[in-house]
Amino acid sequence: MTFEEFAAAQMPAVLRLAAVLAGDRATAEDLVQEVLTRAYCRWDRIGGLDRPELYVRKMILNEFLAWRRRSSRHRTRPGPVPEAVSSAPDHACAYSEREALLAELGKLPRRQRAVLVLRYYEDRCDNEIAELLGCAPGTVRGYASRGLAALRVEMAPRPRASLRTELES
Amino acid sequence: MRDEADLRAALRTLERHAPDPDAVLLAVRSRTGSRPGRRGGGLRRARRRWSTWFAPLAAAAAVAAVITGLTLATGVIGPHGHRAPGVTAHGFIPVAPFPRTAAGIPAYFLAIPNLPANGAGGWTLASTVPPALRSGETLLIISTATGQVATTVRLPGYVTGIAASSGAFFAAVIIGQRAWFYEIVLTGQGPTARAIRLPVAPDSAAFGYLAVSPDGRRLAYSTMVRHGNMGDNQNLVVASTSTGAQRRWTTPARDARGTMGPMQWLADGKTLAFNWTGAAMVSPASSLRLLDTTAAGHSLMSGRPVLRLVNRVGAFDDYTISPDGKTLIGIVTCVPGCGPGSPGTIGGHRDAFGSVIRFSAASGVPAMAYAQPPLPGARAPSTTCNDPWWISYSGRRMLLECFQHRPASPGRKAVTMNHVLLLDNGKATELPWHAAPLDSLTFPGITGWSGFPALPPPP
């Protein structure tokens, strides 16, 4: 696969993943540019892989984890979200609730956030996430559990197939 | 109440932050094409590559060069570059400065022609140097006035870095997994190029960048500290081209996550300017730094920073400094919102991706030097310039290569145009060039662009 073919087929998905991981456009741009520049330079090797898009996703994740680690001192953290005053639900409630959730997501440790993004945005199973992050599936479940607890998100009952996979792994 | 569905919905809203694919691709191509990488350094820095868009134009330019009957004189040297007769015993050849064009630009520059395609993207890792280049590489000496080949010179290995003094070119050449150093002098009418091996000890470290002082007497190169197949340029060597005597600088442990970018010598012949990217672009350490190579000490960071790579104007991959040390030139590589403390404004106005910014080295005050207009129908950001190929002593004049790109749309093909411009105090004049199949190039008086660093296989 040439870089041009990769860009045409995978770029939008890669950009969206970066945006969801990073949470803002500037960081996402930085993240993707950094990764794609490196990937571009080594495309003769990456393009020959069975699934170059998976490799690039892994690069994005690694860069995201490393970037946030390196630059956490310089990042502007989301401010506290004001409590809702009105008890009557209106259209703004859903919006503010979502913004509050995103603000809390932004405060999560980077690995927890990455796991939640991969599980709930990309719909990847824990084994895939473990492969992408280079850790054990049990570790992934631990990150997810702690992340969800911090966000105070209730988990839906897991589908039977997922439970079986979990028990087998 | 929050459940997984809320989380999924919230995550999907973050898609709105997805960057513009065209802008990202333009930036990637600009970065990989304009310089060997940016903040990453080391093996993250890439050999200059012209995008595939230029291949047809390049071929046309090559054919035109042959048809017009340019005189090509080839200086061929032996497999290990034996010193030519008449060369002084110490290897250093004092040479007169290059002639100048009517516009005052050095008349020739040195270029590495495009690599043959090696795999899908035509890129090559240094550790997998194409066999065709292991035995030698032919460099082009280009006439500045026309952009056409004036002569060629063959070097006996893979060329990993090139640089120029005011009157000669220099190259670092990988032979037998060590970097050897050559001086290329032009003689006679035509002219004719000849390469002479310098008495500088070959280096087996993974090679970074090369720069040579204006008088040609001091050669600086950076080498990498490796991390597996990656590396960061953290060691500096300055060697005398006449005696081979060396001084070395290393990076202190506290800066071990940084990397050196392109280097330049100032006109004084003792101050080396280099771009340094610390652990992050936004870190205060990421800046252009000046190192007095005659001062005591062996710490690479013993010099002083001049200007941060991320500042109010935007983010810059690196800076080019004028030989007098008073002016810095940078290309904006980040559209507004480049990070904390970087609103991306100049004089109260938003600047654009690819704009050429001039800074005062003393005060850091910026001024817009040039912004390439977009092609009709293209939306910003669709233009950019590479770092200057050449910059005059005061930085008032410079030679730039700039690009305009218009993405494909239904019924219309994508268009990319490149221009070689002489920028004289804000006034741009286009040189009569065609897109040339160049991979890396160097002008007298400016930083030596490194090729993709040649990384020998791990021991």
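Counting, for every residue in B:277-284, the Cβ atoms of other protein chains within 10 Å of its Cβ and taking the mean gives 4. Distance from the alpha carbon centroid of the range B:239-256 to that of the range B:291-325 works out to 16 angstrom. Inter-part distance, the range B:326-399 to the range A:28-59, computed on C-alpha centroids, equals 27 Å. Treating each Cα of the range B:153-289 as an identical point scatterer and summing with the Debye formula, the log10 of I(q)/I(0) at q = 0.18, 0.19 Å⁻¹ comes to -1.01, -1.10. Using 1/(1 + (r/R0)^6) with R0 = 22 angstrom and r between the beta carbons of residue A:99 and residue B:4, what's the FRET efficiency to the nearest 0.05? FRET efficiency, residue A:99 to residue B:4: 0.75.
Panel order for A:135, B:385, by other beta carbons found within 10 Å of each beta carbon, from fewest to most: A:135, B:385. Residue-normalised convex hull volume from the C-alpha trace of the range B:299-397: 112 Å³ per residue.
Taking a straight line from the alpha carbon of residue B:427, these aspartates and glutamates sit under 19 Å away, with near neighbours fewer than eight places off in the same chain left out: B:351, B:387, B:401. Can you bin the range B:247-294 into rounded, prolate or oblate? Criterion: square roots of the alpha carbon gyration tensor eigenvalues sorted a ≥ b ≥ c, rounded for a/c under 1.5, prolate for a/b above b/c, oblate for the rest. Here the range B:247-294 falls in the oblate category. By the count of other C-beta atoms within 10 Å, a proxy for reagent exposure, B:281, A:1 are ordered fewest to most as A:1, B:281. Relative to the current alpha-carbon distance between residue B:367 and residue B:427, full extension at 0.36 nm per residue lengthens the span by 20.2 nm. By the rule of a C-alpha distance below 16 Å, with chain neighbours fewer than 8 residues away ignored, the lysines paired with residue B:270 are B:326. Among B:144, B:13, sorting on how many other beta-carbon atoms sit within 10 Å of each Cβ, with the fewest leading, yields B:13, B:144.
Throughout, read-outs are computed from the coordinates displayed, never taken from laboratory work. Model, not experiment: these values are computed from the prediction. Glycine gets a Cβ as well: all are built from the backbone with ideal geometry, and neighbour counts include every protein chain shown.
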